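In what follows, a single structure is set out as structure tokens and then discussed.
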Amino acid sequence: MLNNTLAMLPELLPPDASTFAKDTDSTFMFITWVCIFFFVAIVGLMTYYVIKYRRKSEDEQPPHISHNLFLEVVWSVVPIILVLFMFYWGYTAYAKMMDPVAVLGEEGAEHIDLYVNGKQWSWDITYPGGLEINSKNSLAMKNDDEFTWSTKKLISDGKENNITSYMTVPVDVPVRLSMTSNDVIHSFAIPAFRIKKDVILNRNSVIWFKATKPGTYIYTCNEMCGIDHGHMIGYLRVVSQEEYGKFLKKLDDEQNEILPKEKQWAAGKKLYLNVCSACHSVDGSPRVGPTWKGLYGKANYEMVDGTKITVDDDYIRESILNPNAKKAKGFGAVPMPAQKLDEKQLAYLMEFIKSPEQDPNKKSEK
Ligand code: HEC
Ligand SMILES: [Cu+2]
């Protein structure tokens with residue numbers, strides 16, 4: 001019995017597979033041990049004193065003690081120091097998670113951009129070029145009874161052959177997740193990486209990580225979001241750079257049968273004509289919204305509040321998902337309706353917005 005319990009202990013914490021894990025765990029363990037220490041000390045002393053100072057005869061009168069200044073100062077100051085230390089430790093670890101440069105190592109270092117879309121009740125993970133993975137595909141391969149933090153069984157079954165159903169990231173490469181929701185609040189979490197962030201309709205939540213150990217882990221929704229909340233779980237693989245290349249290639253082969261890269265610009269144009277052209281021109285002429293001619297890459301682009309930005313993927317993405325966050329100067333009065341587009345459509349539109357006048361795949365024809 002005790003042996004069984006002890007054998008389970010290593011599974012109390014998920015594997016530590018990202019650069020954040022050590023800091024988070026040491027904070028957690030410090031707090032846990034402080035709690036254990038004080039629990040034992042307080043309950044132990046209390047029990048001891050209850051027995052030692054119990055009333056021994058009917059007419060025994062206890063002495064009257066009003067206070068003890070020394071003890072009171074000690075039990076106020078020591079906990080304050082401990083709690084401040086916990087705060088400091090937790091805050092510095094959190095600050096590292098929120099600082100991209102801490103993950104990147106240096107400003108502007110290589111990273112991978114993935115887009116996460118939460119919806120009732122699954123996750124879409126979009127890779128560059130609109131390649132998409134849905135969390136449900138990796139679930140179909142799992143038997144409920146083999147769910148465990150340690151995923152040895154899963155791997156030994158040879159199920160990793162079906163690599164394109166797993167969310168996959170390379171080891172030792174910083175990854176940025178830009179996340180949004182189609183509906184209610186979800187929360188994207190990868191326990192083995194100790195990351196978690198709420199995912200909200202019309203908002204772009206960003207979180208960074210760097211995986212440190214190859215393996216198979218899980219990602220989940222950590223916000224009760226409806227009846228099938230518990231099904232918003234999927235498997236994630238951390239692989240070598242080489243293996244990651246193979247994964248992307250396979251995904252590309254599978255999904256671009258439907259829509260090859262060269263057709264993405266055209267798909268973006270179609271979406272533009274259907275949805276956006278009422279308010280945006282591509283020839284420089286003004287409509288309800290700003291023209292897209294020369295938009296991408298524009299520097300010192302002025303917003304209504306006077307700030308200047310450079311138009312990049314992030315700005316365009318934000319402008320589509322959450323149009324009111326930043327408004328271009330001259331267009332402050334007109335609200336752009338938030339667009340409900342899936343990640344694939346966003347990626348196609350991005351292709352189109354980058355060069356709205358000409359298909360970059362057909363340059364030679366001009
Ligand atoms: C009903 C009119 C309307 C429609 C439809 C519309 N937009 Fe807009 N859009 C605007 C307005 C107005 C602005 C400027 C104010 C703002 O940023 O919210 C804007 C701004 C933008 C910007 C930022 C451009 C800049 O110069 O700052 C992008 C990108 C954009 N829209 C993309 C789209 C896409 C993609 C679609 C179609 C899926 C679309 N819009 C459909 C009205 C519209
Ligand atoms: Cu959810």
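Please treat every number below as a calculation from the coordinates, not as lab data. None of these values were measured; they are calculated from a predicted model. Counting neighbours? That spans all protein chains shown, and the Cβs are built from the backbone with ideal geometry, glycine included.
Run through the DSSP bridge list for the chain and note the antiparallel percent, rounded to the nearest 5.
Antiparallel: roughly 75 percent of the beta bridges in the chain.
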Cβ density ranking, 10 Å radius, fewest first, applied to 20, 39 yields 39, 20
Is any helix in the chain, taking whole DSSP H runs, at least 20 angstrom long along its axis by alpha carbon and on average at least 0.5 on the Kyte-Doolittle scale, and which ones?
21-52, 69-98
Taking the Cβ of residue 169 as the center, what net charge do the other residues with Cβ under 14 Å away carry, scoring Lys and Arg +1 and Asp and Glu -1?
0
With 10 angstrom as the radius, rank 54, 287 by how many other C-beta atoms surround their C-beta, starting from the fewest.
54, 287
Net lengthening on full extension, residue 312/residue 291 (0.36 nm per residue, minus Cα-Cα):
6.0 nm
Over what distance in Å are the Cα centres of the stretch 99-138 and the stretch 16-51 separated?
35
Expressed as a rounded percentage, what relative contact order does the stretch 261-360 have, with Cα pairs under 8 Å and six or more residues apart?
34
Do any trypsin sites (Lys or Arg not before Pro) in the stretch 305-345 lie in a DSSP loop with no more than 14 other beta carbon atoms within 10 Å, and if so, which?
329, 340
Multiply the residue gap between residue 57 and residue 254 by 0.36 nm, knock off their C-alpha separation, and tell me the result in nm, one decimal place.
62.3 nm
Expected sort for 186, 229, 280 with the fewest Cβ neighbours (10 Å cutoff) up front is 229, 280, 186
Extension gain, residue 342 back to residue 67 (0.36 nm per residue minus Cα-Cα distance, nm)
92.4 nm
Normalising by the residue count of the chain, find the relative contact order in percent from Cα pairs under 8 Å and 6+ residues apart.
16
Using a ≥ b ≥ c from the Cα gyration tensor of the chain (square roots of the eigenvalues), is it rounded, prolate or oblate, where a/c under 1.5 gives rounded and otherwise the larger of a/b and b/c decides, a/b for prolate?
prolate
